[in-house]
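Trainee: Can you read through this structure? Questions will come right after.
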Amino acid sequence: MDQKLKEAFYKVYEAEAKAALRLKIFAKKAEQEDLPQMAKLFRVISLSEEIHGERALRMLREIKDTDTNLKESFQSETNIAGVAYEEFLELAENLGDTTSSIIFSNSRDVEAGHAKLYKLAINHLIGERETTYHVCQVCGYVADGVCPETCPVCSAPKDQFVEFK
């Protein structure tokens with residue numbers, strides 16, 4: 001693929017991924033404000049943006065077999081937890097921004113947990129068993145199996161977790 005086209009597809013993917021996430025968050029806000037039609041509109045356009053992003057990823061040949069996807073996802077989570085969030089955390093601490101420090105620290109710890117889950121999958125310790133995941137809606141921590149009474153990353157109570165079967 002031509003390098004300029006490749007760069008264009010990466011820009012499309014990044015923009016559509018950001019838009020999809022932003023719209024999902026807007027949908028949650030609309031639901032909180034008891035505006036179900038607005039929430040539905042944001043969700044449907046979010047899905048459309050995801051389709052655009054997926055098409056770009058397919059053109060970039062970024063979607064591979066599951067084993068390769070797991071290994072690349074593990075590496076990505078490891079890099080973001082060990083490099084990017086460490087830099088962000090250091091910046092926030094140097095600026096004395098406690099709120100940002102907490103958010104970056106929580107995110108770093110959660111990303112490290114994602115890497116562990118990918119590692120389990122790579123080692124074939126997840127594929128043959130069925131499990132339920134619980135995701136903390138405050139910091140994104142993922143519990144494998146039993147929902148904790150409080151989040152080990154941000155201390156949110158059990159009622160802040162959403163279950164994924």
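Trainee: Rolling a 1.4 Å sphere over the protein heavy atoms, what is the accessible area per residue of the chain, to the nearest Å²?
Mentor: Details: 11430 Å² over 165 residues.
Here the residues of the chain average 69 Å² of exposed surface.
Trainee: When only the heavy atoms of the protein chains count and the probe is 1.4 Å, how do His114, His52 rank by accessible area, highest first? Please list the in-between numbers first.
Mentor: Details: His114 45, His52 70 Å².
Largest accessible area first, the list is His52, His114.
Trainee: Could you please state how large a percent of the accessible area of the chain is carbon and sulfur, counting protein chains only and using a 1.4 Å probe? Please report the intermediate quantities before stating the final value.
Mentor: Values: 6380 of 11430 Å².
That share works out to 56 percent.
Trainee: What 222 nm value per residue comes from the helices of the chain, counting each DSSP H run with n ≥ 4 as -39,500 (n - 2.57) and dividing by all residues, nearest 500 deg cm²/dmol?
Mentor: Details: 5 runs with 104 residues, N = 165.
Using -39500 (n - 2.57) per qualifying helix, the result is -22000 deg cm²/dmol.
Trainee: Kyte-Doolittle cut-off -1.0, length cut-off 18 Å along the helix's own axis using Cα: show which whole DSSP H helices in the chain pass.
Mentor: Working: long enough: 3-32 (44 Å, -0.57); 36-59 (35 Å, -0.14); 66-79 (19 Å, -1.57); 98-122 (36 Å, 0.05).
Passing helices, by number: 3-32, 36-59, 98-122.
Trainee: Using a Förster distance of 25 Å, how high is the FRET efficiency between Asp34 and Lys165, based on the Cβ-Cβ distance and rounded to 0.05? Walk me through the numbers before you get to the answer.
Mentor: Numbers: r = 28 Å, r/R0 = 1.11.
The computed FRET efficiency comes out at 0.35.
Trainee: Please compute the contact order of the chain in relative form: average sequence separation of alpha-carbon pairs under 8 Å and at least six residues apart, divided by the residue count, as a percent. Spell out each step's value before the answer.
Mentor: Working: 184 pairs, mean separation 25.2, N = 165.
Relative CO of the chain lands at 15 percent.
Trainee: Report the residue, chosen from Ile103, Ile51, Ile80, that carries the largest GNM mean-square fluctuation when the chain is represented by alpha-carbon nodes joined by springs under 10 Å.
Mentor: Maximum fluctuation in the GNM of the chain, among the listed residues, is at Ile51.
Trainee: So how much accessible area does Glu72 have, in Å² to the nearest 10, using a 1.4 Å probe?
Mentor: The accessible area of Glu72 comes to roughly 80 Å².
Trainee: Let me ask you something else. Run through the stretch 27-120 and list the trypsin sites (Lys or Arg not before Pro) located in a DSSP loop whose Cβ has at most 16 other Cβ atoms within 10 Å. Before the final figure, lay out the partial values.
Mentor: Numbers: sites: Lys28, Lys29, Lys40, Arg43, Arg55, Arg58, Arg61, Lys64, Lys71, Arg108, Lys116, Lys119; in loops: Arg61, Lys64.
Within the stretch 27-120, the qualifying trypsin sites (Lys or Arg not before Pro) (loop, at most 16 other Cβ atoms within 10 Å) are Arg61, Lys64.
Trainee: Just to check, using Stokes-Einstein with a Kirkwood Rh over alpha carbon pairs, what's the diffusion coefficient of the chain at 4 °C and 1.567 mPa s in µm²/s? Don't skip to the end; give the middle numbers.
Mentor: Details: Rh = 18.2 Å.
Approximately 71 µm²/s, per Stokes-Einstein.
The values are calculated or read from the model by the stated rules, or taken from the named source; none is laboratory data. Computed from a predicted structure; not experimentally measured. Neighbour counts are summed over all protein chains in view; Cβ atoms, including those assigned to glycine, are modelled from backbone coordinates with ideal geometry. For accessibility, only protein heavy atoms count, side chains too; no ligands or nucleic acids. Shrake-Rupley method; radii C 1.70, N 1.55, O 1.52, S 1.80 Å.
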